[in-house]
Amino acid sequence: MKSQIALAVVLGCAAAVIYAQSPSSSFPRGSSMQSWQNPGLKNVLAKCKNPPQPFSIAGAGQSADANAAPPDPVLPATAGKAVRGATVTAVPVIS
């Protein structure tokens, strides 16, 4: 009985995996227009008492130095950071 249930579960999962394998072109894409692409959007928004705020990503470009160059990267210090007492006598060649 348990083996029949396990077999049914495995076959059900396999059927779900096989059913999910379809080409992406089978889904309708690009057939609808987004609101910002609609040429009549400005006319409709002009009639609104409270027009919506323009789209913006929160926090992007709102600081005073948004157009400033990024800071120089901080490089790790190399002087005096060697392992104490370790010396390199030869570099192994791997071929």
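The values are calculated or read from the model by the stated rules, or taken from the named source; none is laboratory data. Nothing here was measured: the structure is a model prediction, and the numbers come from that model. Cβ atoms come from the backbone with ideal geometry, glycine included; neighbour counts cover every protein chain shown.
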- Message: Against the condition among the acidic types (Asp, Glu), modelled with pLDDT of 70 or more and on the phi < 0 side of the Ramachandran plot, how does ASP65 come out, does it pass?
- Response: no
- Message: Just to check your reading of the model, which residue among ALA14, ALA8, ALA82 is surrounded by 10 or more Cβ atoms within 10 Å (Cβ to Cβ) and at pLDDT below 80?
- Response: ALA82
- Could you please find all residues in segment 1-34 being part of a helix (DSSP H, G or I) and either in contact with a helix residue (DSSP H, G or I) (Cβ under 6 Å, 6 or more places away or on another chain) or aromatic (Phe, Trp, Tyr) (or both)? TYR19
